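Reading through the structure tokens given below for one structure.
The values are calculated or read from the model by the stated rules, or taken from the named source; none is laboratory data. Just so we're clear, the structure is a prediction, and the values are computed from it rather than from any experiment. No Cβ is skipped: glycine too gets one built from the backbone with ideal geometry, and neighbour counts run over all protein chains shown.
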Amino acid sequence: MLSAMEADNLLAARANDRDAFARLTDPYRRELLVHCYRMLGSLQDAEDLVQETLLRAWRRLGSFQRHLSFRAWLYKIATNACLDTLDKRPRRVLPPGAYPAANPRAMFDPPVSESIWLEPLPDERWAAPTPSLEARYSATESVTLAFMVALQVLPPRQRAVLIMRDVLDFSAREVAESLALTVPAVNSALHRARVTLAAHYPRGQPPAAASAYPDITLRGLLDQYVSAWEAADVGQLVALLKRDAILSMPPSPSWYRGREAIGAFMAGRPFSGQAHGRWRLQPRQANAQPAFELQERASGGHYQMVGLQVLAVAGDRIASITLFLRPAFFEQFGFE
């Protein structure tokens, strides 16, 4: 049902008042962006699809029925716009999901320029909606890189059903209406999606949250991580990793598994030579995980941005380092 204010804005918007339409839709922009990001795995694509969603909503205001939820109606439009896009594009991945582990003593492979890579999401670009006690996955967990990688394995329609049911907590009837399916078809798709997701996303302890790093153990681990990079200390860095930790660097397909392989790569490449002071890390937040802006010292002595690191932390060790090396991300994260 619409509130009185929403009803007034809807009436004005139907009379071609664009300001009223903005008042009607602005409260949902951030959560729609995250929804489209979950569906597509790309922040840039998600931004485009939010604009497409609002354009479709403006054109179809006359079809909205006032006894329905306006939020659910926008999600219906956004989800179908994403499905239209996914029909034409490959799924997004990270290197470990598409290529074999690389030889750490060989030169890492050149970038793959096609739009196949999962992209990071700056935490400041989204705000978690009011949590639902019934949702299977929290808003925070459902934007982590591990969850996003698993989501992209699902066929698009199953992905939509799982997100709408297990993250957004829409009812089976609402999802069926949004996707032009029957309720039994929604329940069947949800079951298949849950089975597939469980195989690619085994649930363990909750991911370490990035916000303010309140946990003393986590804060200490991250401080040591920064110190290891800035001192170019391979031994210190490797000591912080889980035994089977992963380092990947999209858009290069090369990635490395395990302390020994990561240590060999770091010693032979980023930390080789007189590397003390070559790197500087600035704290950021991405995908509800600890993240760092990676800066490299240039010939003139100043530092320039080269990438964004997003860490997955398990207990008191680092489970993965995903180093996004695409300059296009710098503007999205406010890099100067």
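Quick grid of which residues meet (1) aromatic (Phe, Trp, Tyr); (2) within 19 Å of Pro156 (Cβ to Cβ); (3) modelled with pLDDT under 95:
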site	(1), (2), (3)
Leu2	no, no, yes
Ala12	no, no, no
Leu24	no, no, no
Val34	no, yes, no
Ile77	no, yes, no
Leu86	no, yes, no
Arg92	no, yes, no
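May I ask you to list the residues in the stretch 130-149 that are crowded, with 19+ Cβ neighbours inside 10 Å and either assigned to a helix (DSSP H, G or I) or without any contact (Cβ under 8 Å) to a residue 24 or more places away in the chain (or both)? Talk me through it step by step, then tell me what you get.
As a first pass, look at the stretch 130-149 and keep what is crowded, with 19+ Cβ neighbours inside 10 Å: 137, 139-140, 142-149.
Within the stretch 130-149, Ser142, Val143, Leu145, Ala146, Phe147, Met148, Val149 meet the criteria.
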Residues of the stretch 256-270 being touching a residue at least 60 places away in the same chain (Cβ under 8 Å) and of a type in the set (Lys, Arg), which ones? Arg257, Arg269
Qualifying positions in the stretch 12-29 - of a type in the set (A, V, I, L, M) and surrounded by fewer than 17 Cβ atoms within 10 Å (Cβ to Cβ): Ala12, Ala15, Ala22
Do the conditions hold for Pro122, that is, is it crowded, with 19+ Cβ neighbours inside 10 Å, under 18 Å from the mean Cα position of the chain (by Cα) and not assigned by TED's automatic domain parsing to the domain that holds Gly258? no
What's the number of the condition Asp45 fails, among (1) surrounded by fewer than 14 Cβ atoms within 10 Å (Cβ to Cβ); (2) closer than 30 Å to Pro251 by Cα; (3) of a type in the set (Asp, Glu)? (1)
Report, ordered by the first and then the second residue, all pairs with beta carbons closer than 6 Å, sequence separation of six or more or different chains, a first member in the stretch 25-52 that is over 14 Å from Ile77 (Cβ atoms), and a second member that is of a type in the set (Asp, Glu). Ser42/Glu119; Leu43/Glu119
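Considering each of Leu281, Leu221, Leu197 in turn, give the residue that is touching an Asp or Glu at 6+ places or on another chain (Cβ under 7 Å), at pLDDT 95 or above, surrounded by 20 or more Cβ atoms within 10 Å (Cβ to Cβ) and not in a loop (DSSP other than H, G, I, E, B).
Numbers: Leu281 fails: surrounded by 20 or more Cβ atoms within 10 Å (Cβ to Cβ); Leu197 fails: touching an Asp or Glu at 6+ places or on another chain (Cβ under 7 Å).
Residue meeting the stated conditions: Leu221.
Looking for something of a type in the set (D, E, K, R), surrounded by fewer than 16 Cβ atoms within 10 Å (Cβ to Cβ) and outside the structural domain of Ser252 (by TED's automatic domain parsing) - is there at least one such residue anywhere in the stretch 30-39? Before you say what the answer is, go through the steps one by one.
First, pick out the residues of the stretch 30-39 that are of a type in the set (D, E, K, R): 30-31, 38.
After this cut, where a residue has to be surrounded by fewer than 16 Cβ atoms within 10 Å (Cβ to Cβ) as well, the list is 30.
Next, only the ones that are outside the structural domain of Ser252 (by TED's automatic domain parsing) stay: 30.
The answer is yes, given that some residue of the stretch 30-39 is of a type in the set (D, E, K, R), surrounded by fewer than 16 Cβ atoms within 10 Å (Cβ to Cβ) and outside the structural domain of Ser252 (by TED's automatic domain parsing).
Taking the conditions exactly as written (among the polar types (S, T, N, Q) and crowded, with 17+ Cβ neighbours inside 10 Å), does Asn9 satisfy them or not?
Numbers: among the polar types (S, T, N, Q): yes; crowded, with 17+ Cβ neighbours inside 10 Å: yes.
For Asn9, the condition - among the polar types (S, T, N, Q) and crowded, with 17+ Cβ neighbours inside 10 Å - is met.
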